[in-house]
């Protein structure tokens, strides 16, 4: 049979619990096995339409490198309108993880990064495969290939990551990746 606890005992218990949980960190033992800082993450690109190349450490010590992100934004701009838009760093993280998963090395060949509304509308007139609300419009999608890694292997690794959308276009020889919901086509 359960014993009833007085209100006074319950308050004392809660006060003791709160004091214990909210103790100053100086009273806690020092951490002796601190985790190492995350390794630097580097990506390399060549844009198939402009010929521009970039290799940059975009994240280091657990933080993104603003200058590198700006350079990546510039490279992945809409090459038709020259509009630059911020690229979602999570997309860069996906590419970095994909490189590791596939053992790839070298430059991602970029077919399309950011896409302006004007370019997206023009491409929609030419093809039924261009989404009206494409994540390219938000800097959250990229179309790439990675030399030395078969496209089907790249697709399988990207799907395995389950980090966003993965579109496989073997006839056009590229893989679409985005930071939207997990799906594939």
Single residue of 72, 87 found to be under 14 Å from the mean Cα position of the chain (by Cα), assigned to a loop (DSSP other than H, G, I, E, B), surrounded by 15 or more Cβ atoms within 10 Å (Cβ to Cβ) and modelled with pLDDT of 95 or more | 87
Answer residue from the stretch 36-65, given it is free of Cβ contacts under 8 Å to residues at least 24 places away in the same chain and in a loop (DSSP other than H, G, I, E, B) and is farthest from residue 104 (Cα to Cα) among those = 36
Which members of the stretch 160-175 meet the condition of being out of contact with any helix residue (DSSP H, G or I) (no Cβ under 6 Å at 6 or more places or on another chain), over 18 Å from residue 75 (Cβ atoms) and crowded, with 17+ Cβ neighbours inside 10 Å?
-> 164, 165, 167
Please work out which one of (1) touching a strand residue (DSSP E or B) at 6+ places or on another chain (Cβ under 7 Å); (2) loosely packed, with under 15 Cβ neighbours inside 10 Å; (3) modelled with pLDDT of 95 or more is the condition residue 106 fails and give its number.
-> (3)
Test for residue 77: is it surrounded by 20 or more Cβ atoms within 10 Å (Cβ to Cβ), over 16 Å from the mean Cα position of the chain (by Cα) and farther than 15 Å from residue 167 by Cα = yes
Please enumerate the residues belonging to the stretch 139-174 that are under 15 Å from the mean Cα position of the chain (by Cα), assigned to a strand (DSSP E or B) and free of Cβ contacts under 8 Å to residues at least 40 places away in the same chain.
-> 143, 165, 166
Out of (1) within 22 Å of residue 65 (Cα to Cα); (2) without any contact (Cβ under 8 Å) to a residue 60 or more places away in the chain; (3) in contact with a strand residue (DSSP E or B) (Cβ under 7 Å, 6 or more places away or on another chain); (4) surrounded by fewer than 16 Cβ atoms within 10 Å (Cβ to Cβ), the one residue 92 does not meet is (4)
Would you confirm whether any residue within the stretch 119-127 is outside any helix (DSSP H, G or I) and over 21 Å from the mean Cα position of the chain (by Cα)?
-> yes
Selection from the stretch 97-119 of residues that are more than 18 Å from residue 47 (Cβ to Cβ) and free of Cβ contacts under 8 Å to residues at least 60 places away in the same chain = 100, 102, 103, 105, 117, 118
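The values are calculated or read from the model by the stated rules, or taken from the named source; none is laboratory data. The model shown is predicted, which means the values in this text are computed figures rather than measured ones. No Cβ is skipped: glycine too gets one built from the backbone with ideal geometry, and neighbour counts run over all protein chains shown.
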